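Before any comments, here is the structure.
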Amino acid sequence: MRVNEEGWDEEEGVVVTSATPTPVALSPPPVASSGLQRLVVGYALTKKKVKSFLQPKLLALARKKGIHFLSIDETCPLSEQGPFDIILHKCTNKEWQQVLEDYREEHPEVTVLDPPSAIQHLHNRQSMLQEVADLNLSNSYGEVCAPRQLVIMKDPSSIPAAVAKAGLTLPLVAKPLVVDGTSKSHQLSLAYVDTSLSMLDPPLVLQEFVNHGGILFKVYIVGETIRVVRRFSLPDVNDYDMENNEGIFRFPRVSCATNNAEDADIDPCIAELPPRPLLEKLGKELRRRLGLRLFNLDMIREHGRKDRYYVIDINYFPGYGKMPGYEHVFTDFFLGLVQSKYKRRLSGS
């Protein structure tokens, strides 16, 4: 880690740092005059993400713990900025991703959250849930599955035949194939009958709809830390719905914070959170398989099956600002990353 001269940019509300790097040796992390170790987090985020993530409560707590945030200018060479201890990013253009990959090779002492090559895995819903399906997680606390799904690349008229051939059961949830961070990529459609399937707009993924009591569990993962909140979701589908709905029903993003179900009067059997040991096992395995440390899972419990869960979506660097106590989770996470890296270097591993 390196010592920097810093100033506080009141207009932006973040710490601005600039300095000449000093050589890194097997020495403990630098300590500020306050006695706190000094840590610089560079960030390359959209304006919307900056506003939602870098909230005043996070910035204030971070300063108390010696953590400083520095905005990265994507139009300037990354090697000429910083120095950084951690880089936090959520940008999707390929040029920037290559810049980050090159920077990771040149600066192994800097932790990049997360590797662009690993994030790419979540930009396509065809591959997104494959690790969940391959995991085939089942223990005494329950089982975790991925819904059966089918990818349609083009030709809407071919969808009914493709669905019949794959043996998928209606109703089906249609989702855009590509996840690019736009609101459109999170829009859902629900098809009740096969004659309506040709009204869909490929490329897309069709997932079998699983009744889940209208409640979705948002499982936030930050390193080894897991937090879960309840959200209202699509209601269950019954025989009457199947017999009286023929078109395509489109829905906005159903798991957003405005659909908070934490204080709602819900059947305890539906509202009960997934068992902590099951989530810890799932989180650990997906961190390893995906190579990611910042993501969340949209998870449902099959209605009438207390121990069967489905992961229906995975998002990289989600809206953590909606997660209760996120400022404490992230400041501890950042400090833990640097301490762990220092210990590994000290041990030579």
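The values are calculated or read from the model by the stated rules, or taken from the named source; none is laboratory data. Nothing here was measured: the structure is a model prediction, and the numbers come from that model. A quick note on method: Cβ atoms are made from the backbone with ideal geometry, for glycine too, and the neighbour counts reach across all protein chains shown. In case anyone asks, the SASA skips ligands and DNA or RNA and just uses the protein heavy atoms, side chains included. Shrake-Rupley method; radii C 1.70, N 1.55, O 1.52, S 1.80 Å.
Numbers for the structure displayed
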quantity: Selection from region 291-321 of residues that are out of contact with any strand residue (DSSP E or B) (no Cβ under 6 Å at 6 or more places or on another chain) and within 24 Å of Asp267 (Cβ to Cβ); calculated: His303, Gly304, Arg305, Lys306
quantity: Residue within region 166-189 that is under 18 Å from the mean Cα position of the chain (by Cα), among the basic types (Lys, Arg) and open to solvent by 20 Å² or more (accessible area, probe 1.4 Å) present; calculated: yes
quantity: Options Glu302, Glu327, Glu285, Glu280: the member that is modelled with pLDDT of 95 or more and more than 22 Å from the chain's Cα centre (by Cα); calculated: Glu302
quantity: Region 80-101: number of residues that are at pLDDT 95 or above and either in contact with a Cys (Cβ under 8 Å, 6 or more places away or on another chain) or of a type in the set (Asp, Glu) (or both); calculated: 1
quantity: In region 101-114, the residues that are under 19 Å from the mean Cα position of the chain (by Cα) and either surrounded by fewer than 17 Cβ atoms within 10 Å (Cβ to Cβ) or hydrophobic (A, V, I, L, M, F, W, C) (or both); calculated: Val112, Leu113
quantity: Enumeration of residues in region 117-154 that are open to solvent by 80 Å² or more (accessible area, probe 1.4 Å) and part of a loop (DSSP other than H, G, I, E, B); calculated: Asn136, Ser140, Tyr141, Arg148, Met153, Lys154
quantity: Residue count, region 138-157 (criterion: in contact (Cβ under 8 Å) with a residue 40 or more places away in the chain and among the small types (Gly, Ala, Ser)); calculated: 3
quantity: Strands (runs of 3 or more DSSP E) contained in region 1-79 and holding at least 2 residues touching a Ser or Thr at 6+ places or on another chain (Cβ under 9 Å), open to solvent by 60 Å² or more (accessible area, probe 1.4 Å) and modelled with pLDDT of 95 or more; calculated: none
quantity: Selection status of Ser196, open to solvent by less than 20 Å² (accessible area, probe 1.4 Å) and either hydroxyl-bearing (Ser, Thr, Tyr) or in a strand (DSSP E or B) (or both); calculated: yes
quantity: Residue list for region 102-133, filter: without any contact (Cβ under 8 Å) to a residue 24 or more places away in the chain and either hydrophobic (A, V, I, L, M, F, W, C) or closer than 30 Å to Pro171 by Cα (or both); calculated: Gln120, Ser127, Gln130, Ala133
